[in-house]
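**Student:** One structure coming up, written as structure tokens, with questions to follow.
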Amino acid sequence: MDTIGFNEFSKLEIKVGKIIKAENVPGASKLVKLIVNLGDEKRQIVAGLAPHYSLDELKNKEIVVLSNLTPKKMFGLESQGMLLAAIDGNKVSLLKPDKEVKPGASVG
């Protein structure tokens with residue numbers, strides 16, 4: 001496994017977000033379009049969560065987001081961040097704070 005130094009790690013901007021809207025992506029069986037409140041802004045994030053979470057389960061869920069990732073287009077939609085999740089075989093579990101915190105709180 002490659003390691004990185006603290007200076008490289010400190011470049012990552014990781015924040016707590018709250019999903020305020022979740023929709024299926026037309027034509028994509030696995031993708032959902034999320035609108036995420038990051039405190040000072042709202043971002044659109046596209047993620048392969050459809051096989052693991054219902055849209056209702058995603059709404060109002062606190063999550064952890066890598067927010068300074070270069071945007072990427074998927075199915076014509078711009079994804080403006082990446083959700084952090086644990087993956088164990090076919091099981092996917094979104095990372096979230098264990099206590100309620102404000103959207104935009106820094107993770108460090």
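**Student:** Within the range 56-66, is even one residue polar (S, T, N, Q), out of contact with any Ser or Thr (no Cβ under 6 Å at 6 or more places or on another chain) and farther than 30 Å from residue 10 by Cβ? Before you say what the answer is, go through the steps one by one.
**Tutor:** First, the residues of the range 56-66 that are polar (S, T, N, Q): 60.
Of the ones still in play, those that are also out of contact with any Ser or Thr (no Cβ under 6 Å at 6 or more places or on another chain) are 60.
Checking the rest, the ones that are also farther than 30 Å from residue 10 by Cβ come to 60.
Scanning the range 56-66, I find at least one residue that is polar (S, T, N, Q), out of contact with any Ser or Thr (no Cβ under 6 Å at 6 or more places or on another chain) and farther than 30 Å from residue 10 by Cβ, so the answer is yes.
**Student:** All but one of (1) free of Cβ contacts under 8 Å to residues at least 12 places away in the same chain; (2) surrounded by 15 or more Cβ atoms within 10 Å (Cβ to Cβ) hold for residue 99, so report the exception by its number.
**Tutor:** Only one criterion in (1) free of Cβ contacts under 8 Å to residues at least 12 places away in the same chain; (2) surrounded by 15 or more Cβ atoms within 10 Å (Cβ to Cβ) is unmet by residue 99, namely (2).
**Student:** Sticking with this one: Could you check the range 52-95 and list, in sequence order, the residues that are of a type in the set (D, E, K, R) and touching a residue at least 40 places away in the same chain (Cβ under 8 Å)? Full working, then the answer.
**Tutor:** As a first pass, look at the range 52-95 and keep what is of a type in the set (D, E, K, R): 56-57, 59, 61-62, 72-73, 78, 88, 91.
Within the range 52-95, 59, 61, 62 qualify.
**Student:** Right, something else. For residue 48, indicate whether it is surrounded by fewer than 17 Cβ atoms within 10 Å (Cβ to Cβ), touching a Lys or Arg at 6+ places or on another chain (Cβ under 6 Å) and not charged (D, E, K, R).
**Tutor:** yes
Bear in mind that the values in this text are calculations on the coordinates, not laboratory data. Computed from a predicted model, the values in this text were never measured in an experiment. Virtual Cβ from ideal backbone geometry, glycine too; neighbours counted across all protein chains shown.
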